[in-house]
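Any read-out appearing in this document is the output of simple, stated calculations on the displayed coordinates, not a laboratory observation. None of these values were measured; they are calculated from a predicted model. Every residue, glycine as well, gets a Cβ built from its backbone with ideal geometry; the counts of neighbours run over all protein chains shown.
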Amino acid sequence: MIRFIYAGDRFDRDRELVVTNIINIVSTLIDIPEYIEVEFRSLKSLYGELLLDPRFKSRLRLEETLSSKEIIVPLIHELIHLNQVHAGRLKASRIGIYWDGKFHNMKNKEITPEVWANFPWERDVAQKQQKLLENVLKIGLEKG
């Protein structure tokens, strides 16, 4: 089940259909939870993020201004992170992140996009994202 949440008033049925179709396809390719919350809101300089908060176990956020086409890559990126959490590889604490049981202290660190991209959970996404995107697009075209 997918629950859509809007922080603003940018409801877009086409975008919801694209997100739903992608999640349904991705769920056949990698292990993700059956219940997912997709929140559309202003993220300033980000296109998407996964909430690593135990109160929101399966919530990802997407930039509310992205079109149906622009949302595909950030959604797949965040679904891979959701898979990492679901598989127990990626966990958060108040001061850091655990990746495969190894603690990464994030408190009081200035983290540039370049530094962020080199964390192991981001490298894992980078290794998987293109292949998953290709498979999603291929399956989507076959369906329709």
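The table for this structure:
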read-out	value
FRET efficiency, ALA92 to GLN130 (Cβ-Cβ, R0 25 Å, nearest 0.05)	0.45
Length released on extending from GLU34 to LYS69, taking residue separation times 0.36 nm less the Cα-Cα span	10.2 nm
Dimensionless Rg ratio for the chain, taking C-alpha atoms and the 2.2 N^0.38 Å reference	1.04
Ranked by how many other beta carbons lie within 10 Å on average, peptides 73-81, 49-57, 17-25 from highest	73-81, 17-25, 49-57
